[in-house]
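Colleague: What follows is a structure written as structure tokens; I'll ask about it next.
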């Protein structure tokens, strides 16, 4: 039986390395849980904003939020003094995951 999947949009903005930061989180997530990428990472022309939509097992959705919050804290510690307008968001999305 295929597990029920939950779609999540991840976004990093206000940071020149937004793409790399988001990719780092997604790679770490893939090591812990089987997931699907629905919308691959895409960035703005300035490369200061990146977002992706991923699907994770419904049973893992709360752990993803916890992992994301820990990742935000670590990333802010590293970049926030140089990029005070940096923002990192996670939101649920109404999207079909197969």
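The values are calculated or read from the model by the stated rules, or taken from the named source; none is laboratory data. This structure is a prediction, so every number in the text was calculated from the model and none was measured. Every residue, glycine as well, gets a Cβ built from its backbone with ideal geometry; the counts of neighbours run over all protein chains shown.
Colleague: Pull up region 1-40, narrow it to residues that are in contact with a strand residue (DSSP E or B) (Cβ under 8 Å, 6 or more places away or on another chain) and part of a loop (DSSP other than H, G, I, E, B), then point me to the one that is modelled with the lowest pLDDT.
Modeller: 3
Colleague: Whether any residue in region 41-54 is out of contact with any helix residue (DSSP H, G or I) (no Cβ under 8 Å at 6 or more places or on another chain), part of a strand (DSSP E or B) and modelled with pLDDT of 90 or more is what I want to check. Show your work before the answer.
Modeller: Going through region 41-54, the residues out of contact with any helix residue (DSSP H, G or I) (no Cβ under 8 Å at 6 or more places or on another chain) turn out to be 42, 44-46, 53.
Going one step further and asking which of them are part of a strand (DSSP E or B), we end up with 42, 53.
Still in the running and modelled with pLDDT of 90 or more: 53.
Yes - at least one qualifying residue is present in region 41-54.
Colleague: Further question: Check 78, 95 and return the single one that is in a helix (DSSP H, G or I), more than 11 Å from the chain's Cα centre (by Cα) and either touching a residue at least 24 places away in the same chain (Cβ under 8 Å) or surrounded by 11 or more Cβ atoms within 10 Å (Cβ to Cβ) (or both).
Modeller: Values: 95 fails: in a helix (DSSP H, G or I).
The conditions single out 78.
Colleague: Consider residue 32 carefully, then state whether it is closer than 20 Å to residue 3 by Cβ and either surrounded by 16 or more Cβ atoms within 10 Å (Cβ to Cβ) or more than 12 Å from the chain's Cα centre (by Cα) (or both).
Modeller: In short, yes.
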